[in-house]
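The values are calculated or read from the model by the stated rules, or taken from the named source; none is laboratory data. Worth saying up front: this structure is predicted, and the values here are computed from it rather than measured. Please note: Cβ atoms are built from the backbone with ideal geometry, for glycine as well, and neighbour counts cover all protein chains shown. Ligands, DNA and RNA are excluded from the accessible area calculation, which covers all protein heavy atoms including side chains. Shrake-Rupley method; radii C 1.70, N 1.55, O 1.52, S 1.80 Å.
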Amino acid sequence: MERANADAEAELQIRLHATDGRLLRAIEDALARIGAGTFGVCEACKQPISEARLEAVPWTHLCRKCKEQRGA
Ligand SMILES: [Zn+2]
């Protein structure tokens, strides 16, 4: 019972964060990349994205350097 509550709470958190359509799309992209085995690789320079960055922004598809270069 307690576990079910925790799951529901986690889902609510995800839903709250996913109200931003762009973020939801980014999460879906990340899930697709996990399925394709390319998760954690920068799309721009093809270098691995640091674990610290992935922990902070799990749905990112750019390494920190490329993200900063794009000014986003
Ligand atoms: Zn990069």
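Quick notes
- Cα centre as origin, Lys/Arg/Asp/Glu Cβ charges: the chain dipole, Debye: 480 debye
- Acute angle (nearest 10 degrees) that the helix 21-36 long axis makes with the longest principal axis of the chain, alpha-carbon atoms: 80 degrees
- Volume in Å³ per residue [convex hull over Cα atoms, computed for segment 20-72]: 76 Å³
- In degrees, nearest ten, helix 2-17 long axis to first principal axis of the chain (Cα): 50 degrees
- Between residue 6 and residue 46, the contour length at 0.36 nm per residue exceeds the alpha carbon distance by 10.7 nm.
- The chain - percent of accessible surface contributed by carbon and sulfur, probe 1.4 Å: 54 percent
- Computed E for residue 33/residue 55 - FRET, C-beta separation, R0 25 angstrom, nearest 0.05: 0.95
- Once C-alpha pairs closer than 8 Å and six or more residues apart are averaged by separation and normalised to the residue number of the chain, the relative contact order reads 23 percent.
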